[in-house]
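Structure first, commentary second.
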Amino acid sequence: MQFNKNQDNFALIDDSNICKNISDNIFVDIDDNGVIRNDWQGDKLKNLELTGSYERLGDKKKAYQCCDCGTYMEFSYDPITNKRKLRVANFCKLRLCPMCIKRRQKKIYHQMSKIMNELEKDYAFLFLTLTQKNVTGDELKDEISRLTKGWDRLAKRRPFKNAVKGWFRALEITHNLEKKSSNYDTYHPHFHVVLVVNKSYFKKKDYIKHEEWRQMWQECMELDYLPQVNIKRFKTSGEKELKKSVSEAVKYTVKDNDVLIPDNQELQDKTVAILTKAIARRRLVAFGGVFKEVHKKLNLDDVEDGDLVNTDSDDLREDVGYYREIVMWNFGYSNYYINEIKLPEEEQS
Ligand SMILES: [Zn+2]
C-alpha cells in the first residue's frame with residue numbers, strides 16, 4: 001500500500017499486483033561474503049513506523065514526505081567487484097526519519113574523517129562530552145536552547161579560546177525507556193564535541209584539567225550542581241583507531257530505538273511529537289575554527305540540509321562499465337525489488 005498523493009485523505013493503494021515478479025527480484029545489498037552491506041528494507045520499515053506516528057498525529061505533510069522517502073533508488077553496480085554506489089534517491093530529509101538519519105550519519109562520518117586526516121599532521125584532538133540532568137518532554141525544547149547558549153558561553157571563555165583551535169559539535173538526545181528507572185520517559189540532551197588543540201597542548205599552560213571543564217560547564221549552564229563532563233584524548237594512531245574514534249564522535253541527534261517504541265504506540269507518537277518540535281529549525285551539528293575552515297576548503301556541503309545520496313567519495317572504478325539498477329519499494333511486499341537493470345551499453349547510448 002502507499003499514500004495517494006492526489007487525495008486529501010491518505011487512501012491506501014494496494015500495489016502488490018503491480019509487478020508479478022517482485023518475489024523473484026527482491027533487492028538485497030550484500031557483499032562477497034553474503035553479509036548485508038546495508039539493510040535498506042529494515043531502514044524503510046522503520047521509516048514507515050515513523051510515518052504511522054505522523055499520520056496518527058494528523059501531520060499529513062510529514063506523513064506523506066516520510067512515506068515517500070527512499071521509494072525510488074538508482075545504483076551503479078560493478079559485477080566484477082560486487083560494489084554498489086547509490087546515484088539517485090528520493091530521500092525525505094526529515095530529521096527523525098531513520099532512513100535519512102543513517103545517511104546523514106554516514107555523511108558526517110565521511111566529512112569528519114576527511115577533515116581530521118587533513119588536520120592530523122599539525123594538531124591533536126580531544127573528545128568532550130557535555131551533559132546535565134535529564135528533563136521531561138515538556139522541558140526539552142527550552143533545555144536545548146539553554147544548552148546552545150551554554151555552549152556559546154563556553155566557546156567564549158578565555159581558557160577555551162587559548163587552547164581550542166577548532167571544534168565539531170553534535171547534539172544527541174537520548175530517551176530513557178527503562179520502565180523501572182526513576183528517569184523513565186525523560187530526555188537527556190547533550191553535546192558530543194571534538195576539539196582541535198595544538199600538539200603541545202598536553203605540556204603547556206593552556207592545558208585544561210577535567211575539574212576545570214566541569215566547573216566551566218557548570219558556570220556556562222548556570223547549574224546549581226557540578227555536571228558530568230567527560231574529556232579524553234582522541235586516539236588517531238592508525239586508521240583503525242581513527243575510524244573508531246570518529247564513529248564514537250559523530251552520533252547524530254537521535255537513535256531510532258529512542259523514538260520507535262513497538263510495544264507502546266501511544267508513547268511513540270508522544271515522543272515523535274516532542275522531538276519534532278524540540279529540534280525543528282535548529283542547527284544540530286556545527287563546525288568552528290579550523291574545522292570550519294577545512295570544511296570550507298574541501299568544499300564539503302552542509303551535513304544537515306545537503307545531499308544525502310552522495311555520502312562519500314569512494315567512487316567505483318572509471319575504467320569498467322557498470323550496471324545501473326533501478327530499485328523500488330513495494331508496499332504490498334514490504335520490500336525492495338529490482339525494477340530494471342540497465343546494461344553498460346544501454347547506459348552509454
Ligand atoms: Zn527520510
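Is at least one residue of the range 65-81 within 15 Å of the ligand (Cβ to nearest atom), more than 23 Å from D305 (Cβ to Cβ) and of a type in the set (A, V, I, L, M, F, W, C)?
no
I'm told H110 meets every condition in (1) of a type outside the set (A, V, I, L, M, F, W, C); (2) closer than 30 Å to I231 by Cα; (3) surrounded by fewer than 20 Cβ atoms within 10 Å (Cβ to Cβ); (4) within 14 Å of the ligand (Cβ to nearest atom) except one. Can you identify the failing condition by its number?
The one condition H110 does not meet is (4).
Out of all the residues in the range 113-143, which are closer than 17 Å to H175 by Cβ, open to solvent by less than 50 Å² (accessible area, probe 1.4 Å) and in a helix (DSSP H, G or I)?
Once the filter is applied, which keeps residues that are closer than 17 Å to H175 by Cβ, open to solvent by less than 50 Å² (accessible area, probe 1.4 Å) and in a helix (DSSP H, G or I), the range 113-143 yields G137, L140, E143.
Across the range 267-309, what is the number of residues that are assigned to a helix (DSSP H, G or I) and within 16 Å of the ligand (Cβ to nearest atom)?
4
Considering only the range 16-30, how many residues are in a loop (DSSP other than H, G, I, E, B) and either modelled with pLDDT under 85 or β-branched (V, I, T) (or both)?
Of the residues in the range 16-30, 7 are in a loop (DSSP other than H, G, I, E, B) and either modelled with pLDDT under 85 or β-branched (V, I, T) (or both).
Being surrounded by fewer than 17 Cβ atoms within 10 Å (Cβ to Cβ), assigned by TED's automatic domain parsing to the domain that holds L126 and in contact with a Leu (Cβ under 7 Å, 6 or more places away or on another chain), is that true of even one residue in the range 277-296?
Among the residues of the range 277-296, not one is surrounded by fewer than 17 Cβ atoms within 10 Å (Cβ to Cβ), assigned by TED's automatic domain parsing to the domain that holds L126 and in contact with a Leu (Cβ under 7 Å, 6 or more places away or on another chain), which makes the answer no.
Name the one entry in R95, R87 that is open to solvent by 20 Å² or more (accessible area, probe 1.4 Å), more than 16 Å from the ligand (Cβ to nearest atom) and at pLDDT 90 or above.
Sole residue among the options that is open to solvent by 20 Å² or more (accessible area, probe 1.4 Å), more than 16 Å from the ligand (Cβ to nearest atom) and at pLDDT 90 or above: R87.
Return the total of residues in the range 144-171 being open to solvent by 10 Å² or more (accessible area, probe 1.4 Å) and closer than 30 Å to L260 by Cα.
Residues flagged as open to solvent by 10 Å² or more (accessible area, probe 1.4 Å) and closer than 30 Å to L260 by Cα within the range 144-171 amount to 5.
Identify, please: which residue in the range 52-61 is open to solvent by less than 60 Å² (accessible area, probe 1.4 Å) and under 18 Å from P98 (Cα atoms) and is, among those, nearest to the ligand (Cβ to nearest atom)?
Once the filter is applied, the top-ranked residue is Y54.
The values are calculated or read from the model by the stated rules, or taken from the named source; none is laboratory data. Predicted model, so just to flag it, every value in this text is computed and none were measured. Every residue, glycine among them, receives a Cβ derived from its backbone with ideal geometry; neighbour counts consider all protein chains shown. These area figures cover heavy atoms from the full protein model, side chains too; ligands, DNA and RNA do not enter into them. Shrake-Rupley method; radii C 1.70, N 1.55, O 1.52, S 1.80 Å.
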